[in-house]
1. Report the residue count in segment 272-286 for those that are closer than 22 Å to T71 by Cα and surrounded by fewer than 21 Cβ atoms within 10 Å (Cβ to Cβ).
2. Within the set of pairs 6 or more residues apart or between chains, which connect a residue that is loosely packed, with under 12 Cβ neighbours inside 10 Å inside segment 307-335 to a residue that is in a helix (DSSP H, G or I) and of a type in the set (V, I, T) with Cβ atoms less than 6 Å apart?
3. Which of the residues belonging to segment 346-365 are within 15 Å of M316 (Cα to Cα) and surrounded by 14 or more Cβ atoms within 10 Å (Cβ to Cβ)?
4. Just name the residue that is nearest to K273 (Cα to Cα) out of those in segment 17-64 that are part of a loop (DSSP other than H, G, I, E, B) and among the aliphatic types (A, V, I, L, M).
5. Of the residues A37, A95, which is surrounded by fewer than 17 Cβ atoms within 10 Å (Cβ to Cβ) and out of contact with any Phe, Trp or Tyr (no Cβ under 7 Å at 6 or more places or on another chain)?
6. Being assigned to a helix (DSSP H, G or I), without any contact (Cβ under 8 Å) to a residue 60 or more places away in the chain, farther than 27 Å from V168 by Cα and in the same structural domain as A122 (by TED's automatic domain parsing) narrows it down to one of R291, R242, so name that one.
7. Please work out if A263 is part of a helix (DSSP H, G or I), free of Cβ contacts under 8 Å to residues at least 40 places away in the same chain, surrounded by fewer than 22 Cβ atoms within 10 Å (Cβ to Cβ) and of a type outside the set (K, R).
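The values are calculated or read from the model by the stated rules, or taken from the named source; none is laboratory data. Treat the numbers as computed from the prediction; the structure is a model and nothing was measured. Positions of Cβ are generated from backbone atoms using ideal geometry, with glycine treated the same way; all protein chains shown enter the neighbour counts.
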Amino acid sequence: MLAEIATHNLRMKGGEYKYIWQAGDWPNWRFDLATLAGPMAEVSRAQGLLLGRLADVGMALRDQASLAALTEDVVKTSEIEGEQLNVKSVRSSIARRLGVDIGALAPVDRHVEGVVEMVLDATANCEAPVTRERLFGWHAALFPTGYSGLSRIKVGGWRDDANGPMQVVSGPIGRQYVHFEAPPAEHLDAETYRFLDWVNAESGEPLLVKAGLAHLWFVTLHPFDDGNGRIARAIGDLLLARAEASPQRFYSLSAQIQRDRQAYYDILERSQKGALDVTEWLAWFLEALRRAVDQAQHTLDAVLAKARFWQRLAGMPMNERQVKLLNQLLDGFEGKLTSSKWAAIAKCSPDTALRDINDLLTRGLLRKSDAGGRSTSYELNDPPT
């Protein structure tokens, strides 16, 4: 009854409305299950193929695959919002929490720790209820200083609209285009109560569909001053983990959304200004999910290739600097590896770096890059069998 009273003033009395939360029957989501049956089957098939491969590789390699997927998820969910996190710091933070040995750990700041905490809590504790307090904790972890950029925001609580309606806008000041306006702050207690009650209940939808609905519903409420997209994606990941009955993640939906970022924003805007039949959004969501699972096959290929590389080098003497740099190359080194970069990363003299490199060239583990340039650069070679 509380939700009905509180949301009565949100609704447009006639048939015309601008945003879906103003519809007279909000939030009575509708979708064509027959249309979605094929996409859901494709996701399930892709998940089955991936999990089948993972079942055969052993726990240590599954942990490495999960570390790679979670690292990508944390980095990309922030990148969608235009925020760049240090990949090495993210990987170190996750590895420490999962107990995965990756050698020397990179320094981690509290902002990275906050995003990692949210993503891991959403998936590792997927069966725990999603409560207002839990979401407030996630929000506080995302904004440990109480600031978003240079702006002071309300942290660990719903927005209050003190500076006007919550709007998603683009363009220069004075000529801004409003993509979306969220429900008034005064209705958030009732609206979020109803949302969380639905998330935690057995609501009847297929769980893959529920994950997509939860994502759209939460970003439509937009209950925080900032961080709504990241928290919506975390809620979606939580429901996907429930759907798979596994807290261990092996693919990143956020990474796929980042690859299709403009299409993501376009479908969100169309859905939030459309009817409560959200079949189109759910079809897009399921297609993105299938592609995310397919992409995870490539991540697993890289994990297995790295394991085979070191298996073939078993017993070959090598110093810590060489192991560290070879691992960085195996994980995808950004840019060109030169002797000066080797010296900086390994914290050694240029002469020592060159000796390390020449040793690996002699063994056939490195080769000189064909790319031109003033400095000689090096790349990984397949180890001798």
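1. Here the count works out to 0.
2. Between residues of segment 307-335 that are loosely packed, with under 12 Cβ neighbours inside 10 Å and residues that are in a helix (DSSP H, G or I) and of a type in the set (V, I, T), there is no close pair.
3. The initial filter retains those residues of segment 346-365 that are within 15 Å of M316 (Cα to Cα), namely 356, 359-365.
If the condition is that a residue be within 15 Å of M316 (Cα to Cα) and surrounded by 14 or more Cβ atoms within 10 Å (Cβ to Cβ), then D356, D359, L360, L361, R363, L365 are the ones that fit.
4. Taking segment 17-64 as the starting set, the residues that turn out to be part of a loop (DSSP other than H, G, I, E, B) are 17-19, 23-29, 31-32, 56-58.
Applying the additional criterion that residues be among the aliphatic types (A, V, I, L, M) yields 23, 57.
Numbers: A23: 10, V57: 46 Å.
The residue in question is A23.
5. On the way: A95 fails: surrounded by fewer than 17 Cβ atoms within 10 Å (Cβ to Cβ).
Result: A37 is the single residue among A37, A95 that is surrounded by fewer than 17 Cβ atoms within 10 Å (Cβ to Cβ) and out of contact with any Phe, Trp or Tyr (no Cβ under 7 Å at 6 or more places or on another chain).
6. On the way: R242 fails: without any contact (Cβ under 8 Å) to a residue 60 or more places away in the chain.
Being assigned to a helix (DSSP H, G or I), without any contact (Cβ under 8 Å) to a residue 60 or more places away in the chain, farther than 27 Å from V168 by Cα and in the same structural domain as A122 (by TED's automatic domain parsing) holds for just one of R291, R242, which is R291.
7. Details: part of a helix (DSSP H, G or I): yes; free of Cβ contacts under 8 Å to residues at least 40 places away in the same chain: yes; surrounded by fewer than 22 Cβ atoms within 10 Å (Cβ to Cβ): yes; of a type outside the set (K, R): yes.
Against the criterion (part of a helix (DSSP H, G or I), free of Cβ contacts under 8 Å to residues at least 40 places away in the same chain, surrounded by fewer than 22 Cβ atoms within 10 Å (Cβ to Cβ) and of a type outside the set (K, R)), A263 qualifies.
Conditions tested, residue by residue: (1) surrounded by 12 or more Cβ atoms within 10 Å (Cβ to Cβ); (2) at pLDDT 95 or above; (3) not assigned by TED's automatic domain parsing to the domain that holds I235.
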{"residue": "H111", "(1), (2), (3)": "yes, no, no"}
{"residue": "A122", "(1), (2), (3)": "yes, yes, no"}
{"residue": "L135", "(1), (2), (3)": "yes, yes, no"}
{"residue": "P144", "(1), (2), (3)": "yes, no, no"}
{"residue": "N163", "(1), (2), (3)": "no, no, no"}
{"residue": "G174", "(1), (2), (3)": "no, no, no"}
{"residue": "V178", "(1), (2), (3)": "yes, no, no"}
{"residue": "A185", "(1), (2), (3)": "yes, yes, no"}
{"residue": "F195", "(1), (2), (3)": "yes, yes, no"}
